[in-house]
Ligand code: ASP
């Protein structure tokens, strides 16, 4: 690939073009109907290519998570270091999640997006929300759900927490057996190389895939939908930007002193895939590759990023915080300090329980609303624009994983400065 037109640049151009073409198609659809065009071109061609690209990346997620985590754990070499690294990563994830939801609540109280908001129709109960069985999320349930009873089932059901659990077990066993398990370790190393090579091959198609995904999304929404909820979307994206600049920028500077600009340059391809697929899982292969470019050792990145894609969702927590305050205003519910603390706690649990796939964060929102007795039907108001929120929050979700991983690698001296600066 020529230096002048790197993959990251191509993806960026594809995103911008996708927005413009999508908005144009939406306009033409609204004005002239164009049913046949929609069926054959948008649903048939554009959606098909975009979905094929997302499916291909998703297909690599499970082998990548399993192989890279077990290898990462095995490569750390001793159990003491493993538990220290694991604890650090977990604390970073937890801390940033709590900051994210608190910031969102504060900002929404400050710039109230519900002023001038008129609901024309009384909220129709949304099918999608009611049909979704309300999962009870508690710490005990979450721990129990991550312990597999049948490994095959864990893979078939794509249960990420269980797959991570199994991979850690395998890594620990390899560490304990030392040279007796050399063959398996070699096998995992080669499988990892193969996985990364396949991901490189898929990423060459990213500009086309990203273009189709964005075109399809915008052809459905147009600008009309966005403008009617503009203030809410504005506050949401503002909170994402503040969190990115203040929290992540500050953390990077304080803990590592590294250049935030350089981080962004290397993170950009991950952001574009996260934005267009709205899935932390689908972005995982690209974010492992980007961390490698940042000089993070594979031992840390494979383990920390896979865990992050499953449990660390700062963008989702921000959405929870904003939506709670927004809906509380619409429903005239007064939120006391203890309500707000409840929101912080349930949203933290909900974001740990949110799967890294599109749209789940919004459904988990029902649980946060329930904790303070705001009717879950209120979600119908924001559900229509969820794809626009999902794109941004997924970028922040995966960015949080990358930042924490980089910091922990730096603190553990598992970081190559030259590679980061290159
Ligand atoms: N789409 C988000 C992600 O994959 C999860 C969510 O819906 O909030 O990170």
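Table for the structure above
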read-out: Extension gain from residue 336 to residue 223, taking 0.36 nm per residue of separation minus the Cα-Cα distance; value: 37.1 nm
read-out: Degrees separating the helix 206-228 axis from the principal Cα axis of the chain, which is the longest one; value: 30 degrees
read-out: Ordering of 178-189, 338-349 by burial proxy (mean other Cβ atoms within 10 Å per residue, highest first); value: 338-349, 178-189
read-out: Mean separation of Cα contacts under 8 Å, 6 or more apart, over the residue count of region 170-314: relative contact order %; value: 20 percent
read-out: Helical mean residue ellipticity (222 nm; -39500 (n - 2.57) per DSSP H run of 4+; nearest 500) of the chain; value: -25000 deg cm²/dmol
read-out: Volume per residue of the C-alpha convex hull in the chain, rounded to whole Å³; value: 152 Å³
read-out: Gain on full stretching of the segment that runs from residue 182 to residue 30 - 0.36 nm per residue minus C-alpha separation; value: 48.5 nm
read-out: Using alpha-carbon coordinates, inclination of helix 47-76 to the longest axis of the chain, degrees; value: 40 degrees
read-out: Cα gyration tensor shape of region 201-347, rounded if a/c is under 1.5, else prolate or oblate by comparing a/b with b/c; value: oblate
read-out: Ordering of 363-372, 247-256, 212-221, 316-325 by burial proxy (mean other Cβ atoms within 10 Å per residue, highest first); value: 316-325, 212-221, 363-372, 247-256
read-out: Paramagnetic label zone (point 7 Å from Cα along Cα-to-C-beta, residue 149; backbone N under 11 Å) in region 347-385; value: none
read-out: The chain: angle of helix 230-242 to the longest principal axis, Cα-based, in degrees nearest 10; value: 20 degrees
read-out: Taking the chain and dividing mean pair separation by its residue count, relative contact order in percent (alpha carbons under 8 Å, at least six apart); value: 30 percent
read-out: Shape call, region 299-339: gyration tensor on alpha carbons, a/c limit 1.5; value: prolate
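Read-outs throughout are calculated quantities, based only on the coordinates presented, and are distinct from any laboratory measurement. What you see is a predicted model, and the numbers here were worked out from it, not measured in a lab. Positions of Cβ are generated from backbone atoms using ideal geometry, with glycine treated the same way; all protein chains shown enter the neighbour counts.
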